[in-house]
Amino acid sequence: MSLRQAPRKWLPGVTAWLARPGLSDILYSTVAVLLALLIGAVLIAASGRSVVAAYASLFGGAFGSIYNIANTLMMTTPLIFTGLAVALAFQCGLFNVGAEGQLYVGGLASAVAALTLGSSLPGALSILLALLAGALAGAALAAGPGYMKAKMGAHEVITTIMLNYIGIFLTTFLVKAYFKEPGPVDQTPFLPPSARLPELIPGTRVSWGIVLGIAAIFAADYILKRTSAGYEIQAVGRNPAAAEYAGVNVPGRVVLAMVMSGVVAGLAGSSVVMGTLYRFITNFSPGYGFTGIAVAVLARNRPWGVLPAALLFGILQSGGLSMQLFARIPMDLMTLVQGIVILFVAAPALAGMLLRRRTTARG
Amino acid sequence: MNEFLDVIFDINNLTATIRMATPIALAAMGGAFSERSGVVNIGLEGMMLTGAFCGVLGSYVSGSPWLGVLFAIAGGGLMGAILALFAIRLKADHVVSGVGLNIFALGLTTWLMQVLWRNRGTSVSVNGLPMFSIPAIKNIPVLGTILWTHSPLVYLMLILVFLGWLVMFRTPLGLRIRMAGEHPEAADTVGINVHAVQYFSVTLSGCLAGLGGAYLSLAQLNWFSMNMSAGRGYMALAANIFGQWNPIGCLGSSFLFAFTDSLQMRIQTSPVKLPTEIIQMLPYIFTILILAGAVVRSRPPAALGKHYESGRVS
């Protein structure tokens, strides 16, 4: 009897657990990623290459050795920051497409701060100040679109994209004019060792930047869930009119959310410059800011969701490199896969169809 | 300072302005159709990029740049249809799916370029469109000098803008499009198929942006290069807002954008010495200023960005 009853006891529990919104989101996101990879496979086959060889070199490149795993984590690091930056802005209903530009100015500000301070300060302090410079520069570039959105209603998507171009041109100009190391490449000299982020696993390229990224997730999650400012940001994101009626300073919160987003995006640049390249190189980003959009969408803008989503795209990035090298499949295929992931995850009705649920979600 | 003014009011600069306004005006008018029907179109950039790619592909395959133009219209239209599918049928957030589409288009075109031509930077050179002259207007002062010889797509753009205005404000179809974006329930009540109107408008916007892309790859140059639209789709969206969702307004504001763009190119070759990067920033800075100044007084279609289902708007 007890044997017969046992399933009845745990079965409703399991179905209830499976039906939790968070879990079905994870399930659906996984399906969306697999579908996107499947489309990628079809395209690889259509271009006359071996799908097995391509995806084998992708996974080998991402996980093949401790060095490869460290490489994957290194590529994950900036994506944690940019993904979190986009997610934070989304929490307030804002679409920050400008993480790429914010990353550039943040990276250069950190490099300049580290080079200026030199080795005159104790290590921890110069690292801290260089990070602060990166965060402030990112925030400054993001504050403008926030202000223009709040005060003039200028669409933040257009203003942040325009600022991407401006940020990239501006950093290239500044490096060429003031900080260039003599030579053919437009880059700054190496940062003093005291201002570099130490290696997390000695002998590999993964730095303490990834720990910093996880700390940023923790902080963002805390601010959103445990502070009144975070609560108000979410309220504005859900329904600005209702938030205003409830006495929330909507323009102020819009600017604050963009500034927070810019801080995190600026730190993405700092993490690469101080933890991986040890210098600022013009045009160094392979689109971390744009991949951050895919990360945030896949994470459904939840701070802790950013971690697995960033890891996934870190895997695609480092695996994509080895796929390009060994299977001769252009890496840009991974950009295409990212686009598909965004489209699929953004479509709630598609989720309903795929999971055979009644579509109640409306966006 | 005098040198600077010379550069600004140079007649060559005005001719260049019309040239450079062409792709932006076409895509901006596309944006006007899409947004008048209620669908936000951030995907113009990807549609334009796809159009530029398909234009070169068509000319490469057939040898005829005109078939290339048709390919570009079809390619842009296909991207428009994909956005329509996600934004209308699958109820994806318009802005997010538009950005997704742009990233998809960037990956697709760059990947295909390498698969087809084994080069990541630029494609092979193909037959581009020849220039076209109207000698009859050559002797009209200023206007004739500016207008008499251009790519045929420039003249096509001017005709299409007028036709676009006519369709949008003087035909039943235009009324339906505007109604779908202003008040979908009312449109539904009088028997208009809101979704069909939106599918049509968004696909049309893709065709127009694709044609704008063909201008970049077949008229301005005769090859495709990675990310060759370089933000012009976004500028077009800003031009559309500044042009008050009206094809003729779009043309006017595209001239403004193109003017800074051509100014930027002229300064680079003029005696005025400014660092290249600073000059290259100008069109983007200008877009922001225009947008910040323009939006205050503009009123977008009332149901823009909303999903409509018979009986309810969400």
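The values are calculated or read from the model by the stated rules, or taken from the named source; none is laboratory data. Keep in mind the model is a prediction, meaning the values are calculated, not measured. Note: ideal-geometry Cβ built from the backbone for every residue, glycine included; neighbour counts use all protein chains shown.
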Practice task
Scan the stretch A:288-302 for residues that are of a type in the set (K, R) and within 14 Å of another protein chain (Cβ to nearest Cβ) and jot them down.
Solution key: A:R300
Handout entry: Which listed residue, of A:G252, A:G314, A:G339, A:G305, is within 30 Å of A:S47 (Cα to Cα), of a type outside the set (F, W, Y) and more than 14 Å from chain B (Cβ to nearest Cβ)
Key = A:G314
Handout entry: Qualifying helices (runs of 4 or more DSSP H) (wholly inside the stretch A:34-127; at least 2 residues being of a type in the set (V, I, T) and within 20 Å of A:R196 (Cα to Cα))
Key = A:66-91, A:99-117
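A quick yes/no check of all residues on (1) surrounded by fewer than 18 Cβ atoms within 10 Å (Cβ to Cβ); (2) touching a residue at least 24 places away in the same chain (Cβ under 8 Å); (3) more than 12 Å from chain B (Cβ to nearest Cβ); (4) in contact with a Cys (Cβ under 8 Å, 6 or more places away or on another chain):
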residue	(1), (2), (3), (4)
A:I39	yes, yes, no, no
A:G48	yes, no, no, no
A:N71	no, yes, yes, no
A:S110	no, yes, yes, no
A:A114	no, yes, yes, no
Exercise for the section: For the stretch A:156-189, name all the residues that are buried (at least 19 other Cβ atoms within 10 Å of the Cβ) and assigned to a loop (DSSP other than H, G, I, E, B). Expected result: A:T188
Problem - Per-region count, the stretch A:116-145, residues under 30 Å from B:L291 (Cβ atoms) and buried (at least 21 other Cβ atoms within 10 Å of the Cβ) - result: 10
Exercise for the section: Output the number of residues of the stretch A:190-204 satisfying the condition of being in contact (Cβ under 8 Å) with a residue 24 or more places away in the chain, surrounded by 14 or more Cβ atoms within 10 Å (Cβ to Cβ) and out of contact with any helix residue (DSSP H, G or I) (no Cβ under 7 Å at 6 or more places or on another chain). Expected result: 1
Problem - Residue that is farthest from A:Y278 (Cα to Cα) [pool: residues in the stretch A:206-229 that are surrounded by fewer than 16 Cβ atoms within 10 Å (Cβ to Cβ) and not aliphatic (A, V, I, L, M)] - result: A:S228
Exercise for the section: State all residues of the stretch B:39-91 that are among the β-branched types (V, I, T) and in a loop (DSSP other than H, G, I, E, B); if no residue qualifies, say none. Expected result: B:V39, B:V40, B:I42
Completion exercise
Over the stretch B:106-119, the set of residues more than 7 Å from every other protein chain (Cβ to nearest Cβ), aliphatic (A, V, I, L, M) and surrounded by 23 or more Cβ atoms within 10 Å (Cβ to Cβ) is B:M113
Fill in the blank from the handout: When the stretch B:120-149 is checked residue by residue, the ones that are out of contact with any Asp or Glu (no Cβ under 9 Å at 6 or more places or on another chain) and either at pLDDT 85 or above or within 14 Å of another protein chain (Cβ to nearest Cβ) (or both) are B:G121, B:T122, B:S123, B:V124, B:S125, B:V126, B:N127, B:G128, B:L129, B:P130, B:M131, B:F132
Practice task
Inspect all residues belonging to the stretch B:94-102 and state whether any of them is outside any helix (DSSP H, G or I) and either buried (at least 23 other Cβ atoms within 10 Å of the Cβ) or on the phi > 0 side of the Ramachandran plot (or both).
Solution key: no
Practice task
Give the residues of the stretch A:128-155 that are outside any helix (DSSP H, G or I) and on the phi < 0 side of the Ramachandran plot, sorted by residue number.
Solution key: A:A154, A:H155
Practice task
Kindly establish whether B:T17 is away from chain A (no Cβ under 11 Å), crowded, with 24+ Cβ neighbours inside 10 Å and not in a loop (DSSP other than H, G, I, E, B).
Solution key: no
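Residues are listed down the side, and each one gets a yes or a no for (1) more than 30 Å from B:V197 (Cα to Cα); (2) surrounded by 15 or more Cβ atoms within 10 Å (Cβ to Cβ); (3) at pLDDT 90 or above:
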residue: B:F104; (1), (2), (3): no, yes, yes
residue: B:S151; (1), (2), (3): yes, yes, no
residue: B:G164; (1), (2), (3): no, yes, yes
residue: B:R170; (1), (2), (3): no, no, yes
Handout entry: From the options B:G210, B:G252, B:G293, B:G243, residue that is touching a Cys at 6+ places or on another chain (Cβ under 6 Å) and either of a type outside the set (A, V, I, L, M, F, W, C) or under 23 Å from B:F132 (Cβ atoms) (or both)
Key = B:G243
Handout entry: Where B:L304 falls short, out of the listed (1) surrounded by fewer than 24 Cβ atoms within 10 Å (Cβ to Cβ); (2) within 28 Å of B:T149 (Cα to Cα); (3) touching a residue at least 60 places away in the same chain (Cβ under 8 Å)
Key = (2)
